[in-house]
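Take a look at the structure below.
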Amino acid sequence: MLTNEKAKPLLLVLVGPTAVGKTNLSLTLAEQHQCEIISGDSMQVYRGMDIGTAKASMEERARITHHMIDTHHPDDPFSVAEFQERVRTLIPEIHSRGKLPFIVGGTGLYVESVCYNYQFSEANSDEDLRQQLDAFAILHGDQALHDQLREVDPASAERLHPNDRRRIIRAIEVFRVTGTKLSEQLANQTKESPYNLCIVGLTMDRALLYKRIEERIDIMIEQGLVDEVKRLIDEGCNPDSVAMKGLGYKEIIGYLRGEYSYEGAVELLKRDTRRFAKRQLSWFRHMKDIQWVDVTETTNFSAHLANINDIITGKFVQ
């Protein structure tokens with residue numbers, strides 16, 4: 001299936017909201033098409049953050065080679081530009097081993113930045129402004145900072161969670177320094193890919209997706225999410241770091257700090273995850289080249305797999 005030297009290199013991509021069933025399908029697809037999987041999730045790079053990020057298990061990683069997992073300490077900064085740079089290096093390395101690179105994940109901007117070779121620049125930066133905005137958030141709260149972003153760039157505010165302070169600061173910084181919105185800069189990126197792309201998107205009935213999200217969170221709690229957060233803090237991870245403000249961690253930290261009850265933390269996590277899934281779907285709907293597969297009938301795994309294989313064959317096998 002692999003392309004010849006004169007053609008664009010092949011890149012297979014599977015996206016969809018959290019809890020839609022990407023992992024199970026990706027493992028079987030990877031076996032069938034001789035793939036190595038690249039995680040397209042911005043949180044799975046952090047070591048020790050396993051349950052809350054729903055990483056592939058060690059058994060699953062032994063079954064299929066995975067990349068972009070456990071590469072950073074939770075206190076280390078990690079950006080879409082770094083993700084893009086690393087993955088652009090990984091793709092030819094995977095091809096050189098006779099394998100097909102396969103990005104699987106739900107962080108839309110990260111995935112799209114690789115698929116369409118987005119250009120990122122730190123030239124339009126203002127460190128003093130960043131420090132001022134950070135100080136504002138410490139004094140007035142992350143929601144107040146998020147409200148500032150909503151005033152100047154509603155589209156970016158819709159995409160970013162109020163607790164994602166670093167990315168909110170960057171979005172405000174881009175507007176203040178350049179006079180243009182980050183959302184507009186992203187929308188104006190040239191959507192030409194250096195790869196022969198096959199992008200498959202998974203979707204399902206919204207009510208069923210929300211039910212699966214709530215069930216997944218119940219399982220995460222049973223697996224020891226609270227203990228995982230406690231361990232990370234005991235090991236010295238900064239509870240106010242970008243990583244620890246991620247979905248599944250900030251809610252538990254709030255409980256551990258006594259800001260709300262255990263039951264309240266679980267309900268908050270379920271609500272936040274439903275909202276996150278909605279934002280994911282909104283992002284993916286605006287991506288071009290996605291071929292959608294409805295996996296609402298969850299018992300029809302073989303049918304969904306056959307459908308995706310038809311899409312891959314139609315795209316890659318000429």
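Annotations
- Pairwise alpha-carbon distances in the chain exceed 32 Å for 28% of all pairs.
- Proportion of all alpha-carbon pairs of region 127-187 beyond 15 Å (%): 39
- Euclidean distance of C-alpha centroids, region 17-49 and region 263-295, integer Å: 16
- Residue-by-residue Karplus 3J(HN,Hα) for region 25-31, coefficients 6.51, -1.76, 1.60, Hz, glycine and proline x: 5, 5, 5, 5, 4, 4, 5
- Between D76 and R285, full extension at 0.36 nm per residue minus the direct alpha carbon distance yields a gain of 72.1 nm.
- Extension gain from E215 to T23, taking 0.36 nm per residue of separation minus the Cα-Cα distance: 67.5 nm
- A DSSP coil position with no more than 16 other Cβ atoms inside 10 Å describes the following GluC sites (Glu not before Pro) in region 68-129: E122.
- Among 154-162, 233-241, 261-269, the peptide with the highest mean count of other Cβ atoms within 10 Å heads the list, and the full ranking is 154-162, 261-269, 233-241.
- Placing a label point 7 Å from the Cα of A207 along the Cα-to-Cβ direction, the residues of region 269-312 whose backbone N falls under 20 Å of that point are 271, 274-275, 277-278, 294-300.
- Lysines whose Cα lies under 29 Å from that of K191, excluding same-chain neighbours fewer than 8 positions away: K6, K8, K22, K99, K181, K278, K288, K315
- Couplings for region 231-244, taken from phi via the Karplus curve 6.51 cos²θ - 1.76 cosθ + 1.60 with θ = phi - 60°, read 4, 4, 5, 4, 7, x, 5, 6, x, 9, 6, 4, 4, 6 Hz in order; Gly and Pro are left as x.
- Computed from label points 7 Å out along Cα-Cβ, the spacing between T298 and D128 is 5.5 nm.
- Measuring nothing but alpha carbons in region 1-107 and taking Rh as the Kirkwood radius, the Rg to Rh ratio lands at 0.96.
- Each peptide among 247-253, 136-142, 21-27, 11-17 gets the average number of other Cβ atoms lying within 10 Å of its residues, and from highest to lowest they stand as 11-17, 247-253, 21-27, 136-142.
- Put a dot 7 Å past the Cα of E151, heading toward its Cβ, do the same for I233, and the two dots end up 3.3 nm apart.
- Relative contact order of the chain, pairs being alpha-carbon contacts under 8 Å that are 6 or more residues apart, as %: 26
- Label point at R88 placed 7 Å out along Cα→Cβ; residues across region 191-205 whose backbone nitrogen lies under 16 Å: 191-196
- Hz values of 3J(HN,Hα) by residue in region 111-118 - Karplus curve (6.51, -1.76, 1.60), Gly and Pro given as x: 5, 5, 4, 7, 4, 10, 6, 4
- FRET efficiency for the Q34 to Y262 pair, using the beta carbon distance and R₀ = 51 Å, is estimated at 0.65.
- Simple spin-label estimate for A62 and N307 in nanometres, 7 Å along Cα-Cβ: 3.3
- For the chain, modelled as a GNM whose springs connect Cα atoms under 10 angstrom apart, the maximal fluctuation among T296, T178, T65 occurs at T178.
No value in this document is a laboratory result; all are computed from the given coordinates. The structure displayed is predicted, hence computed values, not measured ones. Virtual Cβ from ideal backbone geometry, glycine too; neighbours counted across all protein chains shown.
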